[in-house]
């Protein structure tokens, strides 16, 4: 029998003071910075050091959180958009951190490449790289930007298919001195059984090591191999081939682990993380006897990852039904229905797009609460 999610999470640790609630409209994104620190420390301990972690900041999107990750010793980061890259580089500069490394793990094209080049030129103390999958497009990548070859390990989202080795070698040659290494995102491996997942992850990496050896034989120095989002990262870190006699640096790149969410709690119950982000909502309606509806619909709580889209902290008897844009009905499976106006704290099933929906967040830090901008959300429209 599967265990109840967040069984050890206490509602009292997430409740905001009455004075804050009185002036806070709902729905509202709430970030608990103390739990961010705890999660970051746990992930670094799991990795065996900060240098093996390249967190994807698509999850966090908030400079104050970027700064906490950097203060913990992390120097390698991953992002997906030019806005994330700019906000992250600016945060690292503000923290007076030199020698940081930012990989835009996305095959940028057209004006976005020029935008990234300007970001790299503006923040020369941070090394900036981008993914490439077409040798013919390498000349379009600004000279300030380094290059990782994006290899498709079977997810079939982006990247050169692993079996097209000639194209991969051609990419490395075209990149020349700017070639950094291989990006190998195995996000399709999230089997429910952890032993089965580990076996699948391990099987995925044999061909990757062979590819790196072929690149080296062809004269391309593989400086780094980047793998693994949240579902596979603990298995990637444990893979023996990355620990003994493997010349490139290997870094895993989970981002969800900083805030944690319901999907990660279900898929990775062994991580022992705690939710650091939640959505504050209020009950607004009693449409029928066993349903209470709150005001956190799909415009404030991501719903693309399946049902239930959220977990109610301290109220496991309230089960989220399918949301509409501004409404989230909750099935009351036992006990009393929450009263109208009652405050609820919701852990998203998928925290990354949930954070992206908010323009501002309440940041809770050692008992103090302040409003911060989610400044890396959304996308740039015009080159700047």
Determine whether the range 32-54 contains at least one residue that is touching a helix residue (DSSP H, G or I) at 6+ places or on another chain (Cβ under 6 Å), more than 20 Å from residue 281 (Cα to Cα) and not in a helix (DSSP H, G or I).
yes
Output the number of residues of the range 288-307 satisfying the condition of being surrounded by fewer than 16 Cβ atoms within 10 Å (Cβ to Cβ) and either outside the structural domain of residue 18 (by TED's automatic domain parsing) or not in a loop (DSSP other than H, G, I, E, B) (or both).
2
Residue list for the range 318-356, restricted to those being free of Cβ contacts under 8 Å to residues at least 60 places away in the same chain, in a loop (DSSP other than H, G, I, E, B) and either touching a helix residue (DSSP H, G or I) at 6+ places or on another chain (Cβ under 7 Å) or closer than 15 Å to residue 297 by Cα (or both)
321, 322, 323, 324, 325, 326, 327
Positions within the range 357-368 being within 19 Å of residue 36 (Cα to Cα) and surrounded by fewer than 17 Cβ atoms within 10 Å (Cβ to Cβ), in sequence order:
360, 365, 366, 367, 368
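Test residue 285 against the criterion of being out of contact with any helix residue (DSSP H, G or I) (no Cβ under 7 Å at 6 or more places or on another chain), closer than 28 Å to residue 77 by Cβ, at pLDDT 95 or above and not assigned by TED's automatic domain parsing to the domain that holds residue 197, and give yes or no.
In short, no.
Which residue out of 168, 119 is over 30 Å from residue 87 (Cβ atoms), at pLDDT 95 or above and part of a helix (DSSP H, G or I)? Write out each step before concluding.
Values: 119 fails: over 30 Å from residue 87 (Cβ atoms).
Exactly one residue qualifies, and that residue is 168.
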Of all residues in the range 15-27 being in contact (Cβ under 8 Å) with a residue 40 or more places away in the chain and surrounded by fewer than 21 Cβ atoms within 10 Å (Cβ to Cβ), which is nearest to residue 273 (Cα to Cα)?
15
Residues of the range 62-94 satisfying the condition of being touching a strand residue (DSSP E or B) at 6+ places or on another chain (Cβ under 9 Å) and assigned to a loop (DSSP other than H, G, I, E, B):
62, 74, 75, 80, 81
Take the range 137-164 and flag every residue that is touching a helix residue (DSSP H, G or I) at 6+ places or on another chain (Cβ under 6 Å) and more than 15 Å from residue 107 (Cα to Cα).
144, 153, 162
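For residue 257, indicate whether it is surrounded by 24 or more Cβ atoms within 10 Å (Cβ to Cβ), modelled with pLDDT of 95 or more and out of contact with any strand residue (DSSP E or B) (no Cβ under 8 Å at 6 or more places or on another chain). Lay out the reasoning, then the answer.
On the way: surrounded by 24 or more Cβ atoms within 10 Å (Cβ to Cβ): yes; modelled with pLDDT of 95 or more: yes; out of contact with any strand residue (DSSP E or B) (no Cβ under 8 Å at 6 or more places or on another chain): yes.
So residue 257 passes the test.
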Can you say whether residue 312 is buried (at least 20 other Cβ atoms within 10 Å of the Cβ) and closer than 19 Å to residue 11 by Cα, as far as the supplied structure shows?
yes
Members of the range 122-136 found to be buried (at least 16 other Cβ atoms within 10 Å of the Cβ) and in contact with a helix residue (DSSP H, G or I) (Cβ under 9 Å, 6 or more places away or on another chain), listed by number
123, 126, 127, 128, 129, 130, 132, 133, 135
Note down all Cβ pairs under 6 Å where the first residue falls in the range 262-276 and is under 15 Å from residue 308 (Cβ atoms), the second is buried (at least 19 other Cβ atoms within 10 Å of the Cβ) and modelled with pLDDT of 95 or more, and they're at least six residues apart or on different chains.
262/311; 262/347; 262/349; 263/349; 263/350; 264/256; 275/260; 275/347
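The values are calculated or read from the model by the stated rules, or taken from the named source; none is laboratory data. Fair warning: this is a prediction, and the values are worked out from it, not measured in the lab. Using ideal geometry, Cβ is built from the backbone for each residue, glycine included, and neighbour counts are taken over all protein chains shown.
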